Amino acid sequence: MIAAVVLSAGESSRMGRPKALLPVGESFFLERIVTALRATKVGTIYVVLGHNAAALEEKIKHLPVTILVNSDYSLGQLSSLHVALRALEKEPLDGIVLHLVDHPFIDPALVDRMIDAFYASQKPIVVPVCRGRRGHPVIFARKLFAELLAAPLDQGAKSVVRAHTADTLELETDDEDITCDIDTPEDYRRRVGGN
């Protein structure tokens, strides 16, 4: 089984308001991501909160997810992934689909293609690539969990990806949304519209 882990613990300082709750269509970023993941082959969905966790949890308690809280969120994204991996240690998982809350446009069909490719290739990392650019989500096999937990917090998961270049499956896609990273109000207006 593959679990999904969505990282949503940061301060959203450049955005000025929580990215998880930014409106998109009839929903908001985190809700859109969870809805998409629910339409895939992933099992349980975990969301890691950090900054203003209690207030955010109140807004997302209707979502069918397991909420985890990273009290050390200021240490960066990898610290949030560590919280998730520790929570998942005893789960019978083959790997995780790792996604970020500031990438709201996630395609369920692409996630399923990635999962199928993960099992077919037996590669420990699967990453989507559009016109030479890597994006999100990324699949990590269970056998990399210990490496991810040992990785330097200031380097993030990229250090593990770099260490396994030859073992990484790049899955080609025409979906440019894999690189759609919304960090600032300008990014939001350009990609989503509104205020």
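Of note:
- When THR35, THR40, THR66 are checked against the criterion of being surrounded by fewer than 19 Cβ atoms within 10 Å (Cβ to Cβ) and farther than 29 Å from ASP154 by Cα, a single residue qualifies: THR35.
- Selection over segment 137-158 of residues that are of a type outside the set (Asp, Glu), over 19 Å from ASP94 (Cα atoms) and assigned to a loop (DSSP other than H, G, I, E, B) gives a count of 5.
- Annotation: ARG86 fulfils all but one of (1) under 27 Å from GLN122 (Cβ atoms); (2) surrounded by 15 or more Cβ atoms within 10 Å (Cβ to Cβ); (3) out of contact with any helix residue (DSSP H, G or I) (no Cβ under 6 Å at 6 or more places or on another chain); the unmet one is (2).
- Per the listing HIS51, HIS62, the residue uniquely over 17 Å from ILE2 (Cα atoms) and either in contact (Cβ under 8 Å) with a residue 40 or more places away in the chain or among the β-branched types (Val, Ile, Thr) (or both) is HIS51.
- Filter result for VAL129 (over 17 Å from ILE2 (Cα atoms), in contact with a helix residue (DSSP H, G or I) (Cβ under 9 Å, 6 or more places away or on another chain) and in a strand (DSSP E or B)): yes
- Of all the residues in segment 14-47, those that are in a helix (DSSP H, G or I) and either under 15 Å from VAL65 (Cα atoms) or not basic (Lys, Arg) (or both) number 12.
- Residue pairs meeting the criteria (Cβ under 6 Å; at least 6 apart or on separate chains; first without any contact (Cβ under 8 Å) to a residue 24 or more places away in the chain and within 16 Å of GLY43 (Cβ to Cβ), in segment 82-93; second in a helix (DSSP H, G or I) and among the polar types (S, T, N, Q)): none
- When the test is whether a residue is crowded, with 19+ Cβ neighbours inside 10 Å and touching a Phe, Trp or Tyr at 6+ places or on another chain (Cβ under 8 Å), VAL126 passes it.
- Any hit, segment 47-63, residues being within 20 Å of THR165 (Cβ to Cβ) and surrounded by 18 or more Cβ atoms within 10 Å (Cβ to Cβ): no
This table checks each residue for (1) at pLDDT 95 or above; (2) in contact with a Cys (Cβ under 8 Å, 6 or more places away or on another chain); (3) assigned to a loop (DSSP other than H, G, I, E, B).
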| residue | (1), (2), (3) |
| --- | --- |
| PRO64 | yes, no, yes |
| SER74 | no, no, no |
| SER80 | yes, no, no |
| VAL83 | yes, no, no |
| LEU93 | yes, no, yes |
| ILE96 | yes, no, no |
| LEU110 | yes, no, no |
| PHE118 | yes, no, no |
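- Extreme residue, modelled with the lowest pLDDT, among residues of segment 120-152 that are farther than 27 Å from PHE105 by Cβ and over 17 Å from the mean Cα position of the chain (by Cα): PRO152
The values are calculated or read from the model by the stated rules, or taken from the named source; none is laboratory data. Computed from a prediction, not measured in an experiment: that's the story for all the values here. Virtual Cβ from ideal backbone geometry, glycine too; neighbours counted across all protein chains shown.
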